[in-house]
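Nothing in this text is a laboratory measurement; each read-out follows from the coordinates by a stated rule. What you see is a predicted model, and the numbers here were worked out from it, not measured in a lab. Positions of Cβ are generated from backbone atoms using ideal geometry, with glycine treated the same way; all protein chains shown enter the neighbour counts.
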Amino acid sequence: MDTNPSARLPQMNLYIVEDSSLVRERLMRTLEDLPGLDIVGTAEDVPAAIDGLTSCPPTR
């Protein structure tokens, strides 16, 4: 039996949209080591996020 709580967490993909590059970078550094979380991209505004998200492969 696996006693590691993070082993039971579902994988979550995260795309960060933030206009401040400093905040965006800090969010990435804060979140990148969390178990079950995968940062799949970042953007500085909504149009860039839409472009980036349409190029991300879908996950199941």
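Work out, step by step, the length gained on full extension between LEU34 and SER21: first 0.36 nm times the residue separation, then minus their alpha carbon distance; give nm to one decimal. Walk me through the numbers before you get to the answer.
Numbers: separation 13, 0.36 × 13 = 4.68 nm, distance 2.07 nm.
Gain on extension, LEU34 to SER21, equals 2.6 nm.
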For LEU37, distant residues with modelled amide H under 5 Å away: MET12
Over the stretch 9-55, relative contact order from alpha-carbon pairs under 8 Å, at least 6 apart, %: 46 percent
FRET efficiency estimate (nearest 0.05) - Cβ-Cβ, ARG8 to CYS56, R0 25 angstrom: 0.50
